[in-house]
Amino acid sequence: MTPPAWPDHDRVTLRELWTDGVTASAIGRQMGRTKNAIVGQVHRLKLPARPSPLHGPRPPRQGPPPRAIPRPPPVTLAPLASAPPRPARPPSPPPAPRAGLIEPCCFPIGELRTPEFRYCDAPSSPGKPYCVPHHRIAYHRVTDRREDYARTAA
């Protein structure tokens, strides 16, 4: 959609109202245009900027001018001692379980990307990825809300 053109008599009216100090929204209401259209045309006509009617001119500063705060000299740090080498890559995930074989438990123990990180490696339950104690930690029975309500109401 092409915006409506600005005829010469609208530009003259805009210049007069702008120099008289009428706000952009009041000019827009009078001319049947939006405030943004008025501000855009003022910008394109390169009319002088005016202080905001809401804020007005700023009061002059009182007191002495601010002093520059001296900056401390830059700090240069000594190079760090060489850190112990990191392992080339994190431990590989456990292999996918094979049907019918008892695989080692793949429950993660420790913090990932630390030397203490490892997998449980105890024999897992047949067809399950974890050993019995870790299976109890990892999986919980889903309870019905009605059962929870029956327990609390009794």
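Given (1) within 21 Å of Ala138 (Cα to Cα); (2) modelled with pLDDT of 85 or more, identify the lone condition not met by Ile102. Going through the list (1) within 21 Å of Ala138 (Cα to Cα); (2) modelled with pLDDT of 85 or more, Ile102 breaks only (2). Scanning segment 115-127 for residues that are free of Cβ contacts under 8 Å to residues at least 24 places away in the same chain and either over 23 Å from Arg89 (Cα atoms) or assigned to a helix (DSSP H, G or I) (or both) turns up Ala122, Pro123, Ser125. The lone criterion from (1) outside any loop (DSSP other than H, G, I, E, B); (2) at pLDDT 85 or above left unmet by Glu111 is number (1).
The values are calculated or read from the model by the stated rules, or taken from the named source; none is laboratory data. Predicted model only: the values in this text are computed from it and were never measured. Because the Cβ atoms are built from the backbone with ideal geometry, glycine has one as well, and the counts that use them run over all protein chains shown.
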